[in-house]
Amino acid sequence: MKWIFIALYVLIFPATCVFAEEMDHSHMNMGADDHDMAMSGMYGNYAMTREASGTSWQPESSPMDSIHQGMGDWSTMIHGFANAIYDHQGGPRGDSKTFSTSMLMLMGQRPLGDGTLGLRSMVSLDPLMGKSGYPLLLQTGETADGHSPLVDRQHPHDLFMELAVTYSMPLANDSSVFVYAGLPGEPALGPPAFMHRISGIDNPEAPIAHHWLDSTHITYGVLTGGYVLHNWKLEASAFRGREPDQFRYNIDTGKLDSSSLRLSYNPAPNWATQISYGRIKSPEALEPDIDVRRTTVSISYNRPFESANWQTLAAWGRNTPNIGDATSAYLLESALTLNGRDTFFGRVERVGKNELFDPGNPLFGRTFKVDKASLGYVHDFASQSHFRFGVGGLVSKYSLPGDLAPSYGGNPASVMFFVRVKLQ
């Protein structure tokens, strides 16, 4: 099965790159008001701007920095970015590193029979930063060597982030049904992944709430079926629960041993809501006996202006393992872009962390409620080409309980400086 997805990716990637320089491009003000300019949605009768990562929804008025082109019966889209980042995390457990993060997404759809066939692919050069990723205080999850957990570091994404096929069929009363199959792909669980949310895409730092909300966005084996009725969407997924291993260039395989259910509702073009529940089988390779039940709720608001855009997302996630205590995460993030060039972004999080210490440490297994606030800015330089360059930075401050002070040095701070290029 995996070779089918690899072949599809190989077929569409070169073709997209060849015609990219000839495409008409769409800037940040493209949203619900520009419905005629946009591709239609892969899963229903609405603008493509409603769709985010996997099968998730965002507000339909969201801007979309992407390049569009028609090729016969095919409608195609390409978008992506690359960041070069200097990262300094303060305190005794902090570290510094210069690294790069990136994402390139290619999509195409065409009529097939009475429905619509879609192809989705997404790749990243994150593995080039090394298996241990980059320093990020309080972040936990996955492994770099197959033996030790990553703590106070953000793991790199895999080379292949999505290779998926979709098919949707319209029904009566402006409704539709669809199927989505990915290797890798994203199941119907949680809000859009953080690098796809307009409220979070300009922030180069992963949320520490990631593993309570959207950590399943790269899953090696996903099958989703859904039903869309006007502004409602109900979908269910079967997927492989194990998170990607430390080998970032391969494609993992395994049974579809986990499941999820998500209900999404977009009451108006500026709003998107979802509630989801998943049963995840053995997500962490180093804790194979631990299964997790995950519940998430999120609401996103996007407000376009004549020469600006503002988006905010609030989300809550709860992980309930079959062994150990349940923990929750709260996230609020927002981004305001003025004149298409100046973006101010911020994020506030509260997370219950219980993976900060190794066995044998007196604090091993204890849950600590930690807080983090980040504020950043990026300036994009005007460009008439498909490439837009920017420079920015952010500062983060942590508020930690007293028992963590000996390890983390009280309430540490961190900074990032970055330059980037985005397709537009």
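The values are calculated or read from the model by the stated rules, or taken from the named source; none is laboratory data. Every value quoted in this text rests on a predicted model; they were computed, and no experiment measured them. Backbone-built Cβ (ideal geometry, glycine too); neighbour counts: all protein chains shown.
Selection within the range 343-390: residues that are assigned to a loop (DSSP other than H, G, I, E, B) and among the hydroxyl-bearing types (Ser, Thr, Tyr). The member of this set that is surrounded by the most Cβ atoms within 10 Å (Cβ to Cβ) is Thr367.
Residues that are surrounded by fewer than 21 Cβ atoms within 10 Å (Cβ to Cβ) and among the acidic types (Asp, Glu) were ranked within the range 113-147; the one that is modelled with the highest pLDDT is Asp114. Close contacts from the range 54-73, counting a first residue that is under 27 Å from Ser215 (Cα atoms) and of a type in the set (Asp, Glu) and a second that is in a loop (DSSP other than H, G, I, E, B) and modelled with pLDDT of 90 or more, with Cβ to Cβ under 6 Å and a gap of 6+ residues or different chains, come to Glu60/Pro269. Considering the range 290-314, and only residues there that are surrounded by fewer than 21 Cβ atoms within 10 Å (Cβ to Cβ) and of a type in the set (S, T, N, Q), the residue that is nearest to Ser334 (Cα to Cα) turns out to be Thr312.
Among the candidates Phe387, Phe418, Phe381, which residue alone is farther than 12 Å from Asp202 by Cα, of a type in the set (Phe, Trp, Tyr) and touching a Gly at 6+ places or on another chain (Cβ under 8 Å)? After applying the criteria, what remains is Phe381.
Look at (1) without any contact (Cβ under 8 Å) to a residue 24 or more places away in the chain; (2) closer than 21 Å to Arg318 by Cα and you find that Ser276 fails only one, number (1).
Pairing residues of the range 165-193 that are within 18 Å of Ser258 (Cα to Cα) with residues that are assigned to a loop (DSSP other than H, G, I, E, B) and of a type in the set (Phe, Trp, Tyr), at Cβ distances under 6 Å and at least 6 apart in sequence or on separate chains, gives Pro184/Tyr220.
For Met30, are the conditions met, namely being closer than 19 Å to Arg197 by Cα, modelled with pLDDT under 95 and assigned to a loop (DSSP other than H, G, I, E, B)? So that I can check it myself, show each step before the final result.
Numbers: closer than 19 Å to Arg197 by Cα: yes; modelled with pLDDT under 95: yes; assigned to a loop (DSSP other than H, G, I, E, B): yes.
Criteria met by Met30.
Consider the range 391-407 and keep the residues that are surrounded by fewer than 21 Cβ atoms within 10 Å (Cβ to Cβ) and not aliphatic (A, V, I, L, M). The one that is nearest to the chain's Cα centre (by Cα) is Gly393. The sole residue among Leu313, Leu332, Leu336 that is modelled with pLDDT of 95 or more, within 30 Å of Val421 (Cα to Cα) and touching a Gly at 6+ places or on another chain (Cβ under 8 Å) is Leu313. Considering the conditions (1) closer than 27 Å to Tyr330 by Cα; (2) in contact with a His (Cβ under 9 Å, 6 or more places away or on another chain); (3) surrounded by fewer than 24 Cβ atoms within 10 Å (Cβ to Cβ), Asn231 is excluded by exactly one of them, (2).
The set of residues from the range 185-203 being under 19 Å from Gly376 (Cα atoms) and under 10 Å from the mean Cα position of the chain (by Cα) comprises Phe194, Met195, His196, Arg197, Gly200, Ile201. Could you check, for the range 80-103, whether at least one of its residues is among the basic types (Lys, Arg), at pLDDT 95 or above and assigned to a strand (DSSP E or B)? So far as the range 80-103 goes, yes, one or more of its residues are among the basic types (Lys, Arg), at pLDDT 95 or above and assigned to a strand (DSSP E or B).
Conditions tested, residue by residue: (1) at pLDDT below 50; (2) among the aromatic types (Phe, Trp, Tyr); (3) not in a strand (DSSP E or B).
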| position | (1), (2), (3) |
| --- | --- |
| Leu11 | yes, no, yes |
| Pro14 | yes, no, yes |
| Phe19 | yes, yes, yes |
| His25 | yes, no, no |
| Ile67 | no, no, no |
| Gly70 | no, no, no |
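Do we find that Ser199 is hydroxyl-bearing (Ser, Thr, Tyr), at negative phi and assigned to a loop (DSSP other than H, G, I, E, B) in this structure? Spell out the reasoning first.
Working: hydroxyl-bearing (Ser, Thr, Tyr): yes; at negative phi: yes; assigned to a loop (DSSP other than H, G, I, E, B): yes.
Here the answer is yes, as Ser199 does meet what is asked.
Within the range 154-189, if we keep just the residues that are among the charged types (D, E, K, R) and outside any strand (DSSP E or B), the residue that is farthest from Arg294 (Cα to Cα) turns out to be Asp174.
Per-residue answers, yes or no, for (1) modelled with pLDDT of 95 or more; (2) within 30 Å of Ile67 (Cβ to Cβ); (3) charged (D, E, K, R):
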| position | (1), (2), (3) |
| --- | --- |
| Gln384 | no, yes, no |
| Phe387 | no, yes, no |
| Gly390 | yes, yes, no |
| Gly393 | yes, yes, no |
| Asp403 | yes, no, yes |
| Gly409 | no, no, no |
| Pro412 | yes, no, no |
| Val415 | yes, no, no |
| Lys422 | no, yes, yes |
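Out of Ser199, Ser168, one residue alone is under 24 Å from Ser61 (Cα atoms) and in contact with a Phe, Trp or Tyr (Cβ under 7 Å, 6 or more places away or on another chain). It is Ser168.
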